[in-house]
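Read the structure below first, then the notes.
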Amino acid sequence: TPTSSIEISPGDIIMYSYGLVYDTGTVLQGDAEAGFMRLDMFTTKYTIDWTGINITLTGVGVSDSDVSNVRIYRANGNRIFEAGTDELITKGDDKFGTQISGVAMITLRNPANLTEAREQTIGTSTETYFIALTIDDSAEIGATLGIKIASEDCIVAKDEANINRVALYHDKNQNSVQDPDEPNLYPTETGTPEIRPTIDTLLIAKDSSLGN
């Protein structure tokens with residue numbers, strides 16, 4: 001009796017991104033965990049494990065050392081970035097330029113043990129994440145700073161066949177054709193606010209020993 005195998009078409013991750021900073025804005029030297037980008041992720045079907053992300057530094061006059069760390073958070077029940085309550089899913093000290101100049105290559109981690117790599121399982125319901133940067137205390141004043149996800153391959157979510165399951169565009173009507181109302185989702189980038197100096201306040205106390 002002839003037999004045939006049934007092949008199941010895998011799903012893909014769809015990611016919509018939203019910049020949280022703008023060209024007309026500013027950031028300060030020493031700003032900690034400033035939200036730069038929101039990521040909304042879901043799959044076309046089934047579940048897919050997301051394991052890492054590669055983020056490119058953008059701007060004018062900026063260098064890798066101007067950013068102390070890059071962090072990824074999983075939203076805690078809403079789409080508003082709150083570093084104090086959202087869940088850190090990277091080790092916390094990832095930087096630009098560690099492996100490739102101008103790029104932060106980040107592996108996702110177990111929130112309960114950040115030394116342990118652990119994927120985020122993405123399903124058909126939307127999960128929200130945030131990319132946050134800490135601006136170095138000595139960051140270049142006047143430089144502009146932003147981030148970019150250059151291509152769908154920068155979202156690392158490989159299947160058993162080592163194929164990255166991230167879609168370039170959202171095929172909303174599932175016809176395997178990119179229609180005019182289905183733009184590319186990559187590259188995607190934020191605005192590039194200007195780095196400004198930290199505002200220091202000098203307090204002068206009266207020395208009572210000197211009299212009036």
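With a Förster radius of 22 Å applied to the C-beta separation of residue 168 and residue 143, the computed FRET efficiency comes to 0.10. Placing one equal scatterer on every Cα of the chain and applying the Debye formula, the log10 ratio I(q)/I(0) at q = 0.09, 0.13, 0.18 Å⁻¹ is -0.42, -0.76, -1.30. Relative contact order of the chain, taken over Cα pairs closer than 8 Å and 6 or more residues apart, is 31 percent. Once the Cα-Cα distance is subtracted from the 0.36 nm per residue extended length, the residue 118 to residue 100 segment shows a gain of 4.2 nm. Is the range 31-129 rounded, prolate or oblate when judged by the Cα gyration tensor, a ≥ b ≥ c being the square roots of its eigenvalues, rounded requiring a/c under 1.5 and prolate requiring a/b larger than b/c? Because a/c hits 1.5 or more and a/b exceeds b/c, the range 31-129 counts as prolate.
Rounded to the nearest 20, the size of the Cβ-charge dipole of the chain about its Cα centre is 260 debye, with Lys and Arg at +1 and Asp and Glu at -1.
Once the Cα-Cα distance is subtracted from the 0.36 nm per residue extended length, the residue 47 to residue 79 segment shows a gain of 9.4 nm.
Here residue 172 is the anchor, and the lysines within straight C-alpha reach of less than 30 Å, apart from those fewer than 8 places off in the same chain, are 45, 148, 158.
Shape call for the range 154-195 from the C-alpha gyration tensor, a ≥ b ≥ c root eigenvalues: rounded (a/c under 1.5), prolate (a/b greater than b/c) or oblate? Note, shape of the range 154-195 comes out oblate. In this label model, residue 40 and residue 161 are separated by 3.1 nm, measuring between points 7 Å along each Cα→Cβ vector. Net charge of the neighbourhood of residue 172, taken over other residues with C-beta under 10 Å away and scored Lys/Arg +1, Asp/Glu -1, is -4. Report the extension gain between residue 26 and residue 175 in nm, rounded to one decimal, defined as 0.36 nm multiplied by the number of residues separating them, less their alpha carbon distance. Additional length available on full extension: 49.3 nm.
Every number in this text was worked out from the coordinates using simple rules, so none of it is lab data. The shown structure was predicted, so the numbers you read here are calculated from the model rather than taken from an experiment. A quick note on method: Cβ atoms are made from the backbone with ideal geometry, for glycine too, and the neighbour counts reach across all protein chains shown.
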